[in-house]
1. Starting from the Cα of K4, draw a straight line to each of the lysines and keep only those under 27 Å, dropping any in the same chain fewer than 8 residues away.
2. Would you mind calculating the gained length between V136 and E53 on full extension (0.36 nm times residue separation, minus the Cα-Cα distance), in nm to one decimal?
3. Taking the chain as a Gaussian network, Cα atoms linked when under 10 Å apart, which of A79, A115, A216 shows the biggest mean-square fluctuation?
4. What trypsin sites (Lys or Arg not before Pro) does region 162-231 have in DSSP loop regions with at most 14 other beta carbons within 10 Å?
5. Using the alpha-carbon atoms, what tilt in degrees (0 to 90, nearest 10) does helix 51-60 show relative to the longest principal axis of the chain?
6. All other residues with a Cβ under 12 Å from the Cβ of G37 taken together, and with Lys, Arg as +1 and Asp, Glu as -1, what is their net charge?
7. Take every DSSP beta bridge with both residues inside the chain and express the antiparallel ones as a percent of the total, to the nearest 5.
8. Got a sec to turn the phi values of region 173-181 into Karplus ³J(HN,Hα) couplings, 6.51 cos²θ - 1.76 cosθ + 1.60 with θ = phi - 60°, whole Hz, x for Gly and Pro?
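Only the coordinates and a few stated rules stand behind these numbers; no lab work does. It should be emphasised that the depicted structure is a prediction, and the values quoted were computed from it without experimental measurement. Cβ placement follows ideal geometry from the backbone for every residue including glycine, while neighbour counts extend to all protein chains displayed.
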Amino acid sequence: MHIKGWVKASLIDYPGRIAASLFCGGCNFRCPSCQNGHLVLHPNDYADVPGSEIWSFLEARTGLLDGVVISGGEPTLQADLITFAARVHEMGFLVKLDTNGYLPGVIQAMIDAGAVDCVAMDVKAPLEKYSLAAGVDLDVSRICHSIDVLRSGRVAYEFRTTIVPGVLVEDDVVQVAQLIAGASRYYLQQFSPQDTLDPEMLTCIPYLPSRIQAMADLASQWVREVGVRGI
């Protein structure tokens, strides 16, 4: 695993749990609004956190931490993700995966291996706007496949969308909610114009909190639990 950074104790990355958060380098998307742009574009500029350091830390925190969040970048690109996650799980920690959902086979394999307890998948936009939001041409059927894998309910999961002005409006949120209809949890996240991959996004003014909340109210017609973060 190429872990480029970590937070040894977080109260926000695994809701309801105290968790260590590990950040992998590299990504198969180029979202203009991404706030980890250098980690995505130039992962080799960061030294890997030594595996021995991570394992020693986790061994010392058994019974003190609830879980480990594997995030990025995009962690499903890591060749040894499942082996790594399984080892973390065997130590007694819950494992949460943060993913863009573009490699549904990896998500399915993690679930089949019993190596993950919770998955948070970003759903960037309605399908017709996905390439705009992701910054690359892509096969949206992969996104749909991952949504179906998670909606099967074999692990806890949530979908989430960052509401980027100039990219998403109310009707887009409705379309995303319809795409994930019947999901257990969906969160709208406020966009923050800081350290974005596309410098032009730095001048983008976030929507008012009241508008984000109104979007969440619209989405609640299709999803059982809809929340808002970052406002």
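1. Of all the lysines, those that pass the test against K4 - Cα under 27 Å, at least 8 places apart if same chain - are K96, K124.
2. On the way: separation 83, 0.36 × 83 = 29.88 nm, distance 3.51 nm.
Value of the extension gain: 26.4 nm.
3. Most flexible of the set in this elastic network: A79.
4. Those that pass, being in a loop and sparsely packed, are R224.
5. Tilt of helix 51-60: around 80 degrees.
6. Residues near G37 contribute -2 overall.
7. Looking only at bridges with both residues in the chain, the antiparallel portion is about 15 percent.
8. The phi angles translate into 5, 4, 5, 5, 4, 5, 5, 9, 3 Hz.
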